[in-house]
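To start, the structure itself, in structure tokens.
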Amino acid sequence: MWLGLAFLSALLLGFYDVSKKVALKDNAVIPVLLLNTVFETLIFSPFILDSIFSFGWFSGGAFDTTACQSGVSMPLWRAHLLLVAKSAIVLSSWICGYMGLKHLPITIVGPINSTRPVLVLLGAMLIFGERLNLWQWTGVLLAIVSVFLLGRSSRREKIDFTHNRWVAMVALSTILGAVSGLYDRFLMRQLSPMFVQSWYVFYQMLMMSAVLFLLWFPNRRNSTPFHWNWAIVLISLFISLADVCYLTALKDPSAMISVISLIRRGSVVVSFLFGAMLFHEKNLRAKAFDLFLILLGMLFIWIGSR
């Protein structure tokens, strides 16, 4: 069950990445990100209301809004504090990722993001005591080599991996995303998926509102102007569905964060195909080989994690 949800989450993430690329074309990043959190909060508002007033709309089902997992006792204020921390981590990753995606081809951003499972796997070794076997080590090395080759092929588009700040932003986004994945595994041992999902997007909206009014709004005339794009709604829809599938899968006691993170990076296939067909990006043959190496590395990690 959790594997199927992980694959569905990966498909939805691919369409989420494409929607981001469309929405950010000649558009201001911060307002797009704020609207994304606003629409997500609206989507999950029934669950937030049910959590506050205990209406019982979703009690006992897969969408139960009870704060803690069965058998776990925790003060409600501590649960919300944990979600504030999650919101800050995810939002920082999003801001870096959106900035990078706006200025880089999606066929470069996708493969960089696809290395996140390697970081999650290494983090799982250090934090949760997991150990890599030969298959997993082979996958890690293939992923590292593929990123090196991607850096070489990107120079044909005058993008230098070592001195390009947008590449650095995407890399930082990937690292923060890996931290978020490991933190999610910690949260799912204590809190229920829908409680986490609904409240953390609400806290994200509050944080993004502060970022917009304190940082972007006073300097808006000196930055890229904002214009409405219906792809912004699609961003919220796809990421909401992808996250519900992801957290529900992660709730399963037999689920492995390293494998789920790996499968979710399969979204790069969707973004790569749209980068070729919709955005007509360049140097696809070399990037396709780099992507193949990354996916091969992910396959080795998956085999070794079974």
Expressed as a percent, the accessible surface of the chain that is carbon or sulfur, using a 1.4 Å probe and the full set of protein chains, is 70
Taking only Cα atoms and a 10 Å spring cutoff, compute GNM fluctuations for the chain and point out the largest among Ser45, Ser59, Ser180.
Ser59
Of the candidates Ala210, Ala143, Ala23, which one comes out as most mobile in a Gaussian network treatment of the chain with C-alpha springs shorter than 10 Å?
Ala210
Karplus-derived HN-Hα couplings along segment 116-122 (A = 6.51, B = -1.76, C = 1.60, θ = phi - 60°), whole Hz, x at Gly and Pro
4, x, 4, 5, 5, 5, 5
Taking Lys and Arg as +1 and Asp and Glu as -1, residues besides Tyr183 with C-beta under 13 Å from its C-beta add up to +2
The chain: relative contact order from alpha carbon pairs under 8 Å, six or more residues apart, as a whole percent, is 44
Given backbone amide H placed at 1.01 Å from N, residues whose amide H is under 5 Å from that of Cys68, ignoring those fewer than 5 places away on the same chain, are Ser192
Sum -39500 (n - 2.57) across every DSSP H segment of at least 4 residues in the chain, then divide by the residue count to get the 222 nm mean residue ellipticity, nearest 500.
-24000 deg cm²/dmol
Under a Gaussian network model of the chain whose springs join Cα atoms within less than 10 Å, the largest fluctuation of Leu134, Leu34, Leu296 belongs to Leu134
Mind checking the per residue accessible area of segment 13-127 for me, 1.4 Å probe, whole number of Å²?
39
Enumerate the calculated ³J(HN,Hα) couplings along segment 41-56 in order (Karplus 6.51 cos²θ - 1.76 cosθ + 1.60, θ = phi - 60°), each rounded to whole Hz, writing x wherever the residue is Gly or Pro.
5, 5, 4, 9, 4, x, 6, 5, 5, 5, 5, 6, 9, 6, 5, x
Note: Ser223 to Trp57 extended length (0.36 nm per residue) minus current alpha-carbon separation gives 55.3 nm
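The values are calculated or read from the model by the stated rules, or taken from the named source; none is laboratory data. Quick caveat, the model's predicted, so the values are computed rather than measured. Because the Cβ atoms are built from the backbone with ideal geometry, glycine has one as well, and the counts that use them run over all protein chains shown. These accessible areas exclude ligands, DNA and RNA; they are computed on the full protein's heavy atoms, side chains included. Shrake-Rupley method; radii C 1.70, N 1.55, O 1.52, S 1.80 Å.
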